[in-house]
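Encoded as structure tokens, the structure appears first; notes follow it.
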Amino acid sequence: MFKPNFTVSPHLLANIKRIAQLVTELNNRHFPEIVLLDLERKARAVSAHSSTSIEGNPLPLTEVKRIMKYAPEHVRDSEREVLNYNQALDYLNKLLKEKSYSFDLKLILSTQKMVTANLISKSKSGHLRQEPVFVNNPLTRKPIYFPPDHSDVQRLMQELVGYVNSNKGKLDPLIVAGLFHKQFVIIHPFIDGNGRTARLATKMLLARMGLDTFNLFSFENYYNQNVTKYFEMVGLVGNYYDLKDKVDFTPWLEYFTDGIIDELLRVSGELSKSVGAPENSLEPHHKIIIDYITKHGFIKDKDYALLTTRARPTRSLDFNKLIKLGRIEKQGKGKATFYRLKQ
């Protein structure tokens with residue numbers, strides 16, 4: 001059975017409390033819908049870029065954004081990696097919204113199949129490895145870690161998934177997600193796609209605690225800032241069978257939660273700057289509309305015309321901006337059109 005060795009150190013405990021505080025602060029703030037949609041697009045691109053870059057993909061973020069926007073039919077392997085990762089993000093995010101998934105080995109296999117589609121043979125895509133592998137040092141390209149034998153992989157993965165599900169509600173979800181991430185990398189269950197699959201599955205676990213990393217931020221971005229440090233923290237050096245009972249997960253859990261705090265602070269700063277940007281800020285005439293609706297429940301264009309000297313086309317632009325910012329919504333048609341605060 002998987003029985004990880006870790007300690008809830010003062011550092012780890014402080015990080016867990018800090019993350020809860022930051023998430024609460026973000027949830028209690030109102031952000032315009034247009035700002036959130038823009039941040040979601042950026043987060044999706046950053047996730048795809050960072051997670052593939054960690055594995056050696058050379059494409060810069062600008063190129064990743066272009067590929068995700070146009071999704072060309074004929075692509076190189078480096079471009080295929082990005083498209084596959086984005087497809088997996090879309091698929092898993094859809095499952096989360098529909099709440100129609102179980103966190104099990106089947107989900108993990110399907111995720112690996114998506115990230116490796118058309119990059120490795122079909123017999124190895126969506127299937128646990130059936131052969132030995134080793135992990136190279138990314139700098140020297142020499143073997144530094146020998147994962148468990150392929151005959152043990154299925155049992156180890158079932159034990160890991162069982163541990164995750166049996167500890168839901170017992171251990172802090174951040175700890176569970178962190179333990180899963182490192183142990184998954186230690187098992188190295190696939191021929192290829194282990195890192196990308198581990199990070200996507202970790203996103204699913206974090207989302208179960210309300211920390212939705214699909215939409216607003218990318219914890220992969222933290223790892224990509226210092227890939228060498230990430231590999232040192234998440235991996236092992238030596239033979240699995242010599243190390244399996246000696247692994248202390250505590251340093252990794254501290255690093256794992258450090259990364260989430262770093263990214264939450266970055267996103268919080270971006271949101272604050274976006275809200276203060278001219279295109280997202282409210283002018284006095286916009287506040288007139290909001291105040292009127294707050295007092296009367298709704299507003300029509302003829303009501304607004306009595307409150308301002310702005311011409312009809314300009315009044316229409318004012319309403320449209322507030323709709324884009326997610327502050328109001330349009331109801332009715334023609335002369336019966338009115339606007340109310342968005343629920």
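Just a few scattered comments:
- Put a plus charge on the Cβ of each Lys and Arg, a minus charge on the Cβ of each Asp and Glu, and nothing anywhere else: the dipole of the range 10-276 about its Cα centre is then about 360 debye.
- Since only Thr308, Gly235, Gly326 are under comparison, the one whose Cα sits farthest along the positive direction of the charge dipole of the range 232-343, derived from C-beta charges on Lys, Arg, Asp and Glu, is Thr308.
- Highest-MSF residue in the chain out of Lys106, Lys302, Lys69 [GNM, Cα springs under 10 Å]: Lys302
- Theoretical ellipticity at 222 nm over the chain - DSSP helices of four or more residues, -39500 (n - 2.57) apiece, nearest 500: -19500 deg cm²/dmol
- Equivalent ellipsoid dimensions for the range 22-103 as semi-axes, Å, which come from the Cα gyration tensor, largest first: 26, 17, 12
- The mean sequence separation of alpha-carbon pairs under 8 Å and at least six residues apart, normalised by the residue count of the chain, gives a relative contact order of 24 percent.
- Global form of the range 48-164, assessed from the alpha-carbon gyration tensor, a/c cut-off 1.5: oblate
- Protection-proxy order for peptides 317-324, 259-266, 303-310, each taking the mean of Cβ atoms within 10 Å per residue, highest first: 259-266, 317-324, 303-310
- The range 45-190, relative contact order in percent, only Cα pairs under 8 angstrom and at least six apart counted: 17 percent
- Tensor-based shape of the range 282-341 (alpha-carbon gyration tensor, a/c under 1.5 rounded, otherwise prolate or oblate): rounded
- The slack in the chain from Lys17 to Gln225, taken as 0.36 nm per residue of separation less the alpha-carbon distance, amounts to 72.5 nm.
- Think of the chain as a dipole: +1 on every Lys or Arg Cβ, -1 on every Asp or Glu Cβ, centred on the Cα centre; then among Gly56, Gln112, Asn84, Asn84 lies furthest on the positive end.
- Angstrom value of the Kirkwood radius, inverse mean 1/r, which spans all Cα pairs in the range 217-257: 11.4 Å
- The convex hull defined by the C-alpha atoms of the chain has an orientation-averaged projected area of 20.9 nm².
Quick note: the coordinates plus some simple rules give every number you see, no bench work behind them. Keep in mind that what you see is a predicted model, and the values were worked out from it rather than measured. Cβ atoms come from the backbone with ideal geometry, glycine included; neighbour counts cover every protein chain shown.
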